[in-house]
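To start, the structure under review is shown below, and the notes come after it.
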Amino acid sequence: MRNRSLVFLAFASLAASVLDAQTTTPSFTIPQILSAPFPTDLVASPHGDAVAWVFDQAGPQNLWIARAPDWRARAITPYTADDGWEMSSPRWLADGSAVVFVRGSGRNDRGEYPNPALDAKGRSQLVMLARIDGGAPRSLAEGASPEPSPDGKIVAFTRGGVIYTVALDSGAHERRLFVGRGHDGNVRWSPDGSAIAFTSTRVDHSFIGVFNVRDSTLRYMDPSVDDDGYPVWSPDGRSVAFVRQPTLTRQPQHALRRAGQPWSILVADPATGTARVLWRAASGAGSMFRPTDSRDQIVWTGDNRIAFPWESGGWNRLYSVLASSTSAAPAALTTGEREIVSATAGIDGRSILYAANEGNRIDLLHIWSVPASGGAPTPLTSGDGIEWGPAAVQGGVALLHSGATTPARPAMLLERGTIADLAPTAIPADFPSAQLVTPQQVTFRSTDGLLLHGQLFLPFAARDGKRHPAVVFYHGGSQRQMLLGFNPMGYYHNAYGLNQYLASRGYVVLSVNYRSGIGYGLDFREALDYGPGGGAEARDAIAAAHYLRARREVDPARIGVWGGSYGGYMTALSLARDPADYKVGVDFAGVHDWNLEWSRMEDTWDEDAEMKARRLAYASSPMSDLSHWRAPVLLIQGDDDRNVDFRQTVQLTEDLRNRGVHVETLIYPDETHEWLLHSHWIQSYEATAAFLERYLR
């Protein structure tokens, strides 16, 4: 009887596979779903009459602009090759005549530039200038982080932790501003261009420095043993405000950050270096600084208020305080259970534009405006879209936005909430928006009762009443959040595209926002026992599989898993800790033994504490449970990865081979953590889809 049952189950499984193959022929390809240009670094001109952004156009990256009054978008750089030259950091000159930017990626800790195209001439990182009236872009110097002076005549930039300037006159030579210790960066010009504020990082502490360009004097603002950063100038240029975080060298990187010594905001006199504490966080939730994705963490407004994020009450909200205050409580600019993603000054200089999620729409992002002095926020966008990166411009707000079936693109927010795309023809005509599904927001409980959020992609084929294979996806970070549409981050914008492709192939896809991610408050992000402190996320992996098994659309015998970086850790953890549920996995640059990342984790001379933490980190790693691992796995990584040690893939491959587990690898020489070559995205995603197909059909 048992043998007859096995034969029947095998036949049923084969029949299901045949039905899947008949009903899930993809209506689009992976190159198509990855074909739309991805915009980043949207920045307004000083007068708000133009915007610039970087377009990654399926490989070649170019600088685009749009100007008032017609806001017609066009490229001002001519690059056409998928050659791995990354573009970033666009900054307008004061008169709006040109934009400086960076072309190329930074060095690794061995001083090597990434070179995934294997260019025999090698690579570098260049500060460049492109004029809006035409002409070829011009290289100014080797370096990064350009900051044009207020008069537009020179550009400050950094190289190797040293600040330089270069005049924009043709043939000008770079000049090192000063000789000092530390690794200098985060440069900010004073409003009149007479001085530069910057952060000087010195391993276990950091200073805010001010260099007077006119008399070549250098001062540090109230130097201490703490971590000072994020300098901003007052509108009149007489003061510098910055964030001070109490020194924290005795905890590993992944230790809980729920509470600690309170952070503060200081205001300094750049002429003397003396500073006063303007405001200090209260003890408890929010006592440790939580930065946003903003260019400046502090906004000094035209009405002399300082706006800042504060995680008081367990949610990162916006507050403001008068810069002249000595004891006033800050005004709450936002309330409720929402996470501020970014904030910037409005065009009037007295309001704040910000992006955040909120309430039952917690897996979407929208834009609001609020007076810096306080008052009810005004929602500028709403609905089922995702909006982020607002920039104040004349006549409206520039932003980036996406949707469930439409990729990211730059746009103008006009009156009455109308969003007009700046480059509507940039998206290829065969981009498969009409063939994409709209994911559902779902929630379920982990095995310890923690509420988890996810996005469920139900394929059109799932309406046939039959059971289909399923795939769980885990984002990286872990402090990231997948949303109900194309993601604001390029890595996850692509991952969302692959999840849509898998849905088109008939897979039920569950994208899980597991514990230690963002978007759901302090306690969720700083989850107890997460990562190397206990691997508590394994409970979420088990719960995700159980959630899928309980759905009528899912064949419980055909569930796979994929993810990258921390999502690779989650993938490996799923295969090691829940071998009964997960049948196959694809792991992009995952962490498999936390001890290989130890240089980023612990700083102590307490040998007993060190060894105890190391043992716990190993017990929290997939490598500690390889005896349970049975599923085949595809491991993918670039060997110039600057985020996850390449040994993670090397050692897991070796150990799985020794245990007889089927393991395949796809390795990219000289490629980084996030592929610089578009062809690598296509190849790795096609390999992922084929590998899952082989074991789940």
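Bear in mind these aren't lab numbers, they're just calculated from the coordinates by the rules spelled out. Note that the structure is a prediction, hence the values are computed from the model and not measured. We place every Cβ from the backbone using ideal geometry, glycine too, and count neighbours over all the protein chains shown.
May I ask for the angle, rounded to the nearest 10°, between helix 566-577 and the longest principal axis of the chain, with both axes built from Cα atoms and the value confined to 0 to 90°?
Its long axis makes an angle of about 30 degrees.
Beyond 40 Å, what share of the Cα-Cα pairs of the chain remains, rounded to the nearest whole percent?
Beyond 40 Å sits 32 percent of the P(r) for the chain.
I'd like the orientation of helix 490-504 relative to the chain: the angle between its Cα long axis and the longest Cα principal axis, in ° from 0 to 90, rounded to 10.
30 degrees
Provide the net charge surrounding ALA73, with neighbours chosen by a C-beta distance below 11 Å and charges set as Lys +1, Arg +1, Asp -1, Glu -1.
+2
Could you list TYR507, TYR491, TYR501 so that the one with the fewest beta carbons within 10 Å of its beta carbon is first and the one with the most is last?
Ascending number of Cβ neighbours within 10 Å: TYR491, TYR501, TYR507.
Quick one: compute a quarter of the convex hull surface over the Cα atoms of the stretch 290-426 and quote it in nm².
Its average projected convex-hull area is 8.7 nm².
At 10 °C and 1.306 mPa s, grab the translational diffusion coefficient of the stretch 515-584 from Stokes-Einstein with a Kirkwood Rh over Cα pairs, rounded to a whole number in µm² per second.
It diffuses with D of about 124 µm²/s by this estimate.
Length gain on complete extension for the stretch THR425 to ARG463, per 0.36 nm per residue less the alpha carbon to alpha carbon distance?
10.3 nm is the gain from fully extending THR425 to ARG463.
How would the stretch 611-667 be classified by its alpha-carbon gyration tensor: rounded, prolate or oblate, with rounded meaning a/c under 1.5 and the a/b versus b/c comparison settling the rest?
The shape class here is oblate.
Label the stretch 99-149 by shape, choosing from rounded, prolate and oblate, from the square roots a ≥ b ≥ c of the eigenvalues of the Cα gyration tensor; if a/c is under 1.5 it is rounded, and otherwise prolate applies when a/b is larger than b/c, oblate when it is not.
oblate
Specify, per residue and in Å³, the volume enclosed by the convex hull of the alpha carbon atoms belonging to the stretch 593-688.
Output value, Cα hull per residue: 103 Å³.
Below 13 angstrom from the Cβ of GLY59, what's the summed charge of the other residues (Lys, Arg +1; Asp, Glu -1)?
So the environment of GLY59 carries a net charge of -4.
Could you state the angle between the C-alpha long axis of helix 678-696 and the longest principal axis of the C-alpha atoms of the chain, as a value from 0 to 90 degrees rounded to the nearest 10?
For 678-696 against the chain, the angle is about 30 degrees.
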